[in-house]
Amino acid sequence: MSLISFDLQGQLESLGHQQLLRQTRIISAGVTPSCQRDGRTLVNFSSNDYLGLASHPALRDAIHQHLQEHAVGAGAAHLVTGHSSLHDVLEQRLAQETGYASALLFSTGYMANLGVLSALMSREDTVYQDRLNHASLLDGARLSGARLRRYPHRDMVQLGEWLSADPAQRTLIATDQVFSMDGTEAPLSELRELAERHQAALMIDDAHGFGLRPHPLPPVDIYMGTLGKAIGTFGAFVAGSAELIELLRSRARSYCFTTATPPLLAAATLAALDVLHSEPHHRLKLQENIHFFQQGLSELGWPAAHLPASQTAIQPLIVGSADRALRAAEALEQQGLLVMAIRPPTVPLGTSRLRITLSAAHTPEHISLLLQALKTLREGGLV
Ligand SMILES: Cc1ncc(COP(=O)(O)O)c(C=O)c1O
């Protein structure tokens, strides 16, 4: 047995030289607005817990309430004995919340995207994707063997030209609805129009949007939402027609061949969906925080060209090289602020960034601290 030919040490050194080596950071407590790390309390501007629901008491209570009747683990895949009554209620509820006939739970959003694309597409088909789509949509297309064409970010003219010129029998357009590293949004009405005109199917990945809007989005053929971000729990689902969901249940390999998520998680997710309806102020608070942050950047005299082109909770500041992004993140951490540096391959080369995410759980004081720290970084030439 030997891994010598893999040159693991050489690969690690190469990543290190490019400032691309990843490390996990141990969080000992908390999520949003603050967490504990190395004995320090840091204001967290890097979680996707956009509404602060991850630590909402209603979610904890739901877990306590079902602790006796349900085991901790599901014990098997959904298609074996892992599909609990809580999973079933949750699937119906997710279909209802999104306005589709049916929904199917997946263990993660990554697996949902892989499952959908590999179940529906094959070598003879074409998948069109936005260049900035999440890795899981790209990986799903690759796994399916379909031809993958990536159009420039939100470029509907290019997509239209490709669709017109393409006689493929089956085509799917797949896009992030809110782009995870940019906070920009897909032009949904234009996408629906193009899909209609060219008889293509349209799939949206609403990982960073589900739970944040008061009303469901206009319908698409395939809707994917995640539960580990605004909903504050874990997992994902696909919603669509009854036929689509029935087919995925039998064909999506990342659904069929994996253990179901713990039923207690479904209980917490149902509680989170209730909170969305009973406490609409979390969404409003997030909108206020986004406005406050953007206004603060403008007041600091932030150059217009460097302001985040985003109206969502994801507010990236692009700094260029991986090294600069790491140094900026380190400087923020010294001031008690946790903002992750995002580097290639997550984002294109030369566009490393501070991915600032805002949450309803942040107070104006937290955001003012961040703005003050960014001002200092700017004066020091780091951003
Ligand atoms: C756009 C997008 N899709 C899918 C995923 C994967 O979701 P999950 O974290 O549930 O695997 C993410 C996660 O970061 C994402 O940003």
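The values are calculated or read from the model by the stated rules, or taken from the named source; none is laboratory data. Quantities reported herein were computed from a predicted structural model and do not represent experimental measurements. As a convention, Cβ positions derive from the backbone with ideal geometry for all residues, glycine included, and neighbour counts pool all protein chains shown.
Structure notes:
- In region 193-208 there is no residue matching the filter, namely being in a loop (DSSP other than H, G, I, E, B), more than 23 Å from ARG142 (Cα to Cα) and of a type in the set (A, V, I, L, M, F, W, C).
- Evaluation of ALA186 against the conditions (1) away from the ligand (no atom under 16 Å from the Cβ); (2) within 30 Å of HIS306 (Cβ to Cβ); (3) in contact with a strand residue (DSSP E or B) (Cβ under 6 Å, 6 or more places away or on another chain) shows that the sole unmet condition is (1).
- Exactly one residue out of SER118, SER85, SER107, SER46 is more than 16 Å from the ligand (Cβ to nearest atom) and modelled with pLDDT of 95 or more, and it is SER85.
- One residue from ALA141, ALA174 being within 30 Å of LEU273 (Cα to Cα) and within 16 Å of the ligand (Cβ to nearest atom): ALA174
- Meets criteria (at pLDDT 95 or above, in contact with a helix residue (DSSP H, G or I) (Cβ under 9 Å, 6 or more places away or on another chain) and either surrounded by fewer than 17 Cβ atoms within 10 Å (Cβ to Cβ) or not assigned by TED's automatic domain parsing to the domain that holds SER46 (or both)) for THR184: no
Residues checked against (1) modelled with pLDDT under 95; (2) in a helix (DSSP H, G or I); (3) buried (at least 22 other Cβ atoms within 10 Å of the Cβ):
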| position | (1), (2), (3) |
| --- | --- |
| LEU286 | no, yes, yes |
| GLY296 | no, yes, no |
| TRP302 | yes, no, no |
| ALA305 | yes, yes, no |
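- Residue within region 194-201 that is at pLDDT 95 or above and under 14 Å from the mean Cα position of the chain (by Cα) present: no
- Among the residues making up region 307-319, a single one is over 21 Å from the mean Cα position of the chain (by Cα) and either surrounded by fewer than 19 Cβ atoms within 10 Å (Cβ to Cβ) or aromatic (Phe, Trp, Tyr) (or both): LEU307.
- Applying the condition of being over 17 Å from TYR110 (Cβ atoms) and aliphatic (A, V, I, L, M) to region 149-174 and asking which residue is modelled with the lowest pLDDT yields ALA168.
- A single entry from GLN315, GLN311 fulfils the requirement of being assigned to a loop (DSSP other than H, G, I, E, B) and polar (S, T, N, Q): GLN311.
- LEU382 vs. criteria at pLDDT below 95, buried (at least 18 other Cβ atoms within 10 Å of the Cβ), over 18 Å from the mean Cα position of the chain (by Cα) and over 22 Å from ALA186 (Cα atoms): yes
- Residue within region 211-222 that is in contact with a helix residue (DSSP H, G or I) (Cβ under 9 Å, 6 or more places away or on another chain), outside any loop (DSSP other than H, G, I, E, B) and near the ligand (Cβ under 10 Å from one of its atoms) present: no
- Candidate set: region 223-242, residues that are of a type outside the set (Val, Ile, Thr) and outside any loop (DSSP other than H, G, I, E, B); chosen: the one surrounded by the fewest Cβ atoms within 10 Å (Cβ to Cβ): ALA242
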